[in-house]
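Just so it is clear, none of the values below were taken in a lab; they were calculated from the coordinates. Remember, predicted model here, so these are calculated numbers, not experimental data. Here Cβ is always computed from backbone atoms with ideal geometry, including for glycine, and neighbour counts include all displayed protein chains.
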Amino acid sequence: MSEAIQLVMCEIYYLSYKDRAVMRRAISFLGEDKKDTIVLNIQMNKRNNYLNELEGNKVEHERITHDFLF
């Protein structure tokens, strides 16, 4: 279970190349002072996508994962 939680953390909190490209475009549009907000929005979007995928699959440990994500 702890390995699964580590995997979820890596998937959500570490930005991929695609996430970094989105971040660069948003920073160029909104400015450097909004960088933290942009990163938080990207991570929240990844959390929501992951949660929607879990709900679609109805995973047995859904409540534990949901509590961990939020």
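Sorting 5-11, 40-46 by average packing, meaning the other beta carbons within 10 Å per residue, from highest down gives 40-46, 5-11. The loop-placed chymotrypsin sites (Phe, Trp or Tyr not before Pro) in the stretch 1-50, going by DSSP, that have at most 10 neighbouring Cβ atoms within 10 Å of their Cβ come out as Tyr14.
Simple spin-label estimate for Leu51 and Tyr17 gives 3.0 nm between the two label positions (7 Å along the Cα-to-Cβ direction from each Cα).
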